[in-house]
1. Can you pull out the residues in segment 96-106 that are outside any loop (DSSP other than H, G, I, E, B) and surrounded by fewer than 22 Cβ atoms within 10 Å (Cβ to Cβ)?
2. Which of the residues belonging to segment 115-156 are part of a loop (DSSP other than H, G, I, E, B), in contact with a helix residue (DSSP H, G or I) (Cβ under 8 Å, 6 or more places away or on another chain) and small (Gly, Ala, Ser)?
3. Sort through Lys4, Lys11 and tell me the only one that's within 15 Å of the ligand (Cβ to nearest atom) and basic (Lys, Arg).
4. Out of all the residues in segment 157-203, which are assigned to a loop (DSSP other than H, G, I, E, B) and either in contact with a His (Cβ under 6 Å, 6 or more places away or on another chain) or within 16 Å of the ligand (Cβ to nearest atom) (or both)?
5. Kindly list the number of the only condition in (1) within 26 Å of Gly199 (Cα to Cα); (2) within 12 Å of the ligand (Cβ to nearest atom) that fails for Glu145.
6. Residues to consider are Val140, Val148, Val208, Val200; find the one that is of a type in the set (A, V, I, L, M, F, W, C) and in contact with a Cys (Cβ under 6 Å, 6 or more places away or on another chain).
7. Tell me whether segment 132-139 contains one or more residues that are within 16 Å of the ligand (Cβ to nearest atom), of a type in the set (Lys, Arg) and within 19 Å of Ile167 (Cβ to Cβ).
Amino acid sequence: MRRKLVAGNWKMNGSRAALAELDAIAAAAAAAPGIDVAVAVPFTLITAAAERTPALAIGAEDVHEADSGAHTGCVSAAMVKEAGAGFTIVGHSERRADQHETSHDAWAKAAAAHRQGLNVILCCGETEAERDADRAERVVQAQIEKSVPDNADGSWFTLAYEPRWAIGTGRTPTLEEIASIHAIARSKLKTLIGDRAAGVRILYGGSVTGANAATILATDNVDGALVGGASLTAAKFVPIIEAAASL
Ligand code: 13P
């Protein structure tokens, strides 16, 4: 009932020349009609990416929580939508760390994106210190409680569990650890939004590669992957799409 979603996040990488990678990614997505494929790119590349590969879902990596106003340097959900984005990531751990964003900010950004008709991938995940202190479950539960909008449902809303210590490090949690957090996330969603929780996809993110994608994606309650480094080239991203499509 929940289609797998393989989403790339280019972060502060890419250029117009790098958009050529999207051609093979779009071709792999077209060859995998049973799953969804999406790529979030820097604001400056959204329009060119959307025009180059219209069949591929192109998104933003962040939006401001206000619809417009005096916020120098920020970009609103309406702006990224007009630029060609169909979705946005919010609450990424790099923004929580670098821009001091909170779960409340992620909530407000998710709501702003939904007001403009964008789909949302909302991120949560513990730090290494929190996991070492045995607090991963509580941290993720609290993030979900503070950031998931009341009207969230699977038609527009996706959750991504990205343990910070697994991002860009080549380290991943065990499959048991991933299954455990995803089950806890699903049950927390159920307490917040009831039966609609069953339709919300929960992605895993953090050092996903073509080599580990198949086992991670086959884990209970893992409905897809949010991929950073391995989404930058078709050579690395397409095997992840193919792994998801083969399940
Ligand atoms: P990596 O796949 O590079 O670990 O990044 C994961 C991530 O942060 C995606 O949002």
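All of the numbers you see were taken from the coordinates with simple rules; none came from a lab. Just so it is clear, the model here is predicted, and its values are computed rather than measured. Cβ: placed from backbone, ideal geometry, glycine included. Neighbour counts: every protein chain shown.
1. Within segment 96-106, Arg96, Ala97, Asp98, Ser103, His104, Asp105 meet the criteria.
2. First pass over segment 115-156, keeping only residues part of a loop (DSSP other than H, G, I, E, B): 116-118, 125-127, 133-135, 148-156.
Filter once more, keeping what is in contact with a helix residue (DSSP H, G or I) (Cβ under 8 Å, 6 or more places away or on another chain): 116-118, 125-127, 148-156.
Within segment 115-156, Gly117, Gly125, Ala152, Gly154, Ser155 meet the criteria.
3. Numbers: Lys4 fails: within 15 Å of the ligand (Cβ to nearest atom).
Checking each option against the conditions leaves just Lys11.
4. First pass over segment 157-203, keeping only residues assigned to a loop (DSSP other than H, G, I, E, B): 162-163, 167-174, 200.
Passing the criteria: Glu162, Pro163, Ile167, Gly168, Thr169, Gly170, Arg171, Thr172, Pro173.
5. (2)
6. Values: Val148 fails: in contact with a Cys (Cβ under 6 Å, 6 or more places away or on another chain); Val208 fails: in contact with a Cys (Cβ under 6 Å, 6 or more places away or on another chain); Val200 fails: in contact with a Cys (Cβ under 6 Å, 6 or more places away or on another chain).
Testing whether each residue is of a type in the set (A, V, I, L, M, F, W, C) and in contact with a Cys (Cβ under 6 Å, 6 or more places away or on another chain) leaves just Val140.
7. no
To keep it simple, each residue is scored yes or no on (1) under 18 Å from the mean Cα position of the chain (by Cα); (2) assigned to a loop (DSSP other than H, G, I, E, B).
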| site | (1), (2) |
| --- | --- |
| Ala20 | no, no |
| Ala55 | no, yes |
| Ala108 | yes, no |
| Ala113 | yes, no |
